[in-house]
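Notes to accompany the following structure.
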Amino acid sequence: MDIYGFYKGEIFNAYEYLGVHYTKKGNVFRTYAPNASAVSLIGDFSEWNDLPMERVQDGRFFEIVCPEAKEGMRYKYRIYDRKGEFIDHCDPYGYSMEIRPGTCSVIRRIDDFKFHDSKWLSQRTDCKDKPMNIYEVHLGSWRRIPEDKRSKDDENGWYNYSEIADKLIEHVKEYGYNFIELMPISEHPCDESWGYQITGFYAPTSRYGTPKQLMEFVDKCHRKGIGVIVDFVPVHFAVDHYALTEYDGTKLYEYPDNDAGYNEWGSRNFIHSKGEVRTFIQSCADYWLTMYHFDGIRMDAIRNMIYWQGNEHRGENRWAIDFLKSMNKGLKSRHSSAIISAEDSSSYPKVTAPVEYGGLGFDYKWCLGWMHDSLEYMQTSPIYRNNNYHKMTFAMLYFYNEKFILPLSHDEVVHGKATITQKMHGDYNEKFPQARTFYMFMMIHPGKKLNFMGSEIGQLREWDEKREQDWDMLKYPIHDSFSNYIKALNRIYLKYNALHYDFAPDNFTWADCNSPDRCVYSIRRKSPDGDILSVMNFSDWYQSDYSLNIGENIKLELLLDSDNQKYSGRTPDGKTDFIYNGDTLKMNIPPYSGRIFFLKKISAE
């Protein structure tokens, strides 16, 4: 490894040198602990007695070759500070860890796994002009092994990565998603953190099996035409002292002062001005893309890197901003077709502009403004929606400033916020027709799509990481029909090109965004292959004699009516009330309903 580049923060593959690696002489262990007085290797192979490590390179790295250390054995580094006191740490670059509450690293060889996805990788793109319909998943609570089929010592019922891949792929294919986004899978001690408080950045959590089983997960997805994005945390790390905290007896990865060193989540902030910290984080991002063939990385809490502690009034963190630019540029140069997205709640400009044009270099940014405005609108009583009409149109005033993903993520279905379907105003029977039309609005609106698991069945219980989704709700007709509606809606999104060119200014137009008294909106998405038109009524009354001028010589086909009886609506199949007279589309629209039409220009003879 280029040591100078390591200190400059220019290395993207430090994991090939640091950590534990197989050699013919035995496994070689290396760690970076510049302020340690001494470092020893301890593990199953030494009966947890010290095996002193030698200083190598510039004396700040420690190394040992251990023939007795074998695959699957546990280990730690015993790091002595300048006073001669020690703390046992897991390996910062370790490829695996034992299941909580254990805290040891585990020897795993991962460089000999054989992928079978070369065709997928050769055709992969960043989807700027292709559909991206993301299904966000927490693996431990999507599905669990039924209690009567678990072993006696299995209290959690987690499927391993490879097992759950078969079930998850079938599900996302059936429902019309083409990407899976995994919530953080790096090792973490506390289930309730959902993986955002990390102790093993390079170690896939052992809750769901081994690193190679995760590789099988990705490989299986690719062979079935499903992309996989992984949630990544470049801002902070867990406070546990067996991990990165005060790793070599000093604050090596974190800020020296507590004001900048701790954040609102109670975890330690990375100090992004240090080259070795930059190398650690960006090498980790590259590791997931290179070694596991993930198709993208979603970076968490980017606002907290742009501004000190995420607070705009504290000013920009120029070191962290510079790091984001250099990391993203480096990742895109190494993985041009990979997708790098930012969960960023700020209005900082050019988040998705290329670095060479003054941007941060992300491919996409979550459109949290769209999410907040539209959900607030749906929670408002219909009698007041006319006064809040432009909450649903406001996002298009700034949409072309960035390249957006429309997210209805895990954050919106926990901590008393209610699930998406629950958020709809009114009683149980009113929620479902509104939810159907709301999801239609999401699919027709420009921007790539992301939905959290459970939304597709109208989940009504807030997400709990300790329980699987309420799949038994599908035995109730309204949930079953809702799930069938989501399948139909998603398939329309995947099929029609007009819905894929999100960032071409001539692709989108409001066919109607001036009907506040009616609470009706109409969106038209254009393409040479034909246009998609959607008309949506968010009022609780029947809109009669509604008309739109759509042009002459149009062949019109109804693709989806959210009020159809097969989706638990009121309109019999084939009875949708609309007329096209060669220029104007006229219709009567039931309450809380929407329609999608395909428009094809007929060539004049």
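Using a simple spin-label model with pseudo-atoms 7 Å out from Cα toward Cβ, Glu174 and Phe115 lie 2.9 nm apart. In summary, the lysines within cross-link reach of Lys274, defined as a Cα separation below 24 angstrom excluding same-chain residues under 8 places away, comprise Lys8, Lys251, Lys325, Lys329, Lys332. Of all DSSP beta bridges confined to the chain, the antiparallel ones make up roughly 70%.
Extension gain for Leu558 to Ser527 (0.36 nm times residue separation, less C-alpha to C-alpha distance): 9.4 nm.
Answer rounded, prolate or oblate for the chain, using the Cα gyration tensor with square roots of eigenvalues a ≥ b ≥ c: rounded when a/c is under 1.5, else prolate when a/b is larger than b/c, else oblate. Because a/c hits 1.5 or more and a/b exceeds b/c, the chain counts as prolate.
Here the label points at Thr584 and Leu397, each 7 Å from Cα along the C-beta direction, are separated by 3.1 nm in the simple model. If you average the C-alpha positions of the range 206-258 and of the range 17-57 separately, how far apart do those two centres end up, in angstrom? The range 206-258 and the range 17-57 have Cα centres spaced 21 Å from each other. Length available on full extension from Leu460 to Gln379: 0.36 nm per residue minus the Cα-Cα distance, which gives 27.7 nm. Annotation: the residues Arg268, Arg124, Arg491, sorted from fewest to most other C-beta atoms within 10 Å of their own C-beta, follow the order Arg491, Arg124, Arg268. Shape analysis of the range 1-85 places it in the oblate category; the axes a ≥ b ≥ c from the Cα gyration tensor give an a/c of at least 1.5, with a/b not above b/c. Comparing Thr352, Gly140, Met183 along the charge dipole axis of the chain, the residue lying farthest to the positive side is Thr352, per the Cβ-charge model.
Charged side chains reduced to their Cβ positions (Lys and Arg at +1, Asp and Glu at -1) give the chain a dipole of some 1200 debye around its Cα centre. Loop-located GluC sites (Glu not before Pro) in the range 27-120 (DSSP state not H, G, I, E or B) with no more than 11 neighbouring Cβ atoms inside 10 Å: Glu47, Glu71, Glu85.
For the cross-link pairs Lys130/Lys601; Lys173/Lys495; Lys114/Lys149; Lys449/Lys586, the ones whose C-alpha atoms lie over 25 Å apart are Lys114/Lys149; Lys449/Lys586.
Label sites at Lys152 and Lys575, each approximated as a point 7 angstrom past Cα along Cα to Cβ, lie 6.1 nm apart.
Bear in mind that the values in this text are calculations on the coordinates, not laboratory data. What you see is a predicted model, and the numbers here were worked out from it, not measured in a lab. Don't worry about glycine lacking a Cβ; one is built from the backbone with ideal geometry, like all the others, and counts go over all protein chains shown.
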